[in-house]
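Undergrad: This is the structure I have questions about; it appears just below.
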Amino acid sequence: MPFILLIIGSILVIYNYRIIKKENGIKSEDKSSKISFKNMLQDNKDGLSDYKIEIGRLRRDIAESLTELQEEIIEIKDNFNKLKNNEKIYEDIKDIESSNESIIDENSSYKLNYDDDVISEISFPEKADSNKTQSIKKLLEDGLTVEQICYDLSVSKGEVLLVKGLFRK
């Protein structure tokens, strides 16, 4: 049995060798005598019709459109995720504000309790203000200018003009 297979294999090798030699030896222009793969491929390329080329173009256009759509979908997903995160942050801010309000309410109740414990009120700023007004009035009566009064008492020009306007009336 192996001997028969060797004989059949050698016969096929010799037969194919002769066909290849004949193919290389023939130099005629007759396409029907050429059987090689290269020649058949060239014949099929030449035989492509316009509709097959158009189908190829349409496939390419559709593929490009699909990739663009996929990119846009990814962009939309990213934007949607960002909006979700912003909503979560906004909700967190509301929670923080409500907790701050409750803390402020608690602190104000403590302040109210503290204010109840105050024995007396001290009004030193009113006395200081009245001293300023008296000194401004005195300097105005002495005939100093507004700039000189501002420099001497280290007060703003607006305060001096206000006191001056009040005493005129």
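Undergrad: Taking 0.36 nm per residue of separation and subtracting the Cα-Cα distance, what length does fully extending Ile14 through Tyr151 add?
TA: Details: separation 137, 0.36 × 137 = 49.32 nm, distance 12.43 nm.
Between Ile14 and Tyr151, full extension yields an extra 36.9 nm.
Undergrad: I would also like to ask the following. Contour minus end-to-end for Asp43 and Asp95, with contour as 0.36 nm per residue of separation and end-to-end as the Cα-Cα distance?
TA: Details: separation 52, 0.36 × 52 = 18.72 nm, distance 7.61 nm.
Gain on extension, Asp43 to Asp95, equals 11.1 nm.
Undergrad: Once you place label points 7 Å from the Cα toward the Cβ at Ile104 and Leu83, how far apart are they in nm?
TA: In this crude spin-label approximation the distance works out to 3.2 nm.
Read-outs throughout are calculated quantities, based only on the coordinates presented, and are distinct from any laboratory measurement. Please read all numbers here as calculations on a predicted model, not as lab measurements. A quick note on method: Cβ atoms are made from the backbone with ideal geometry, for glycine too, and the neighbour counts reach across all protein chains shown.
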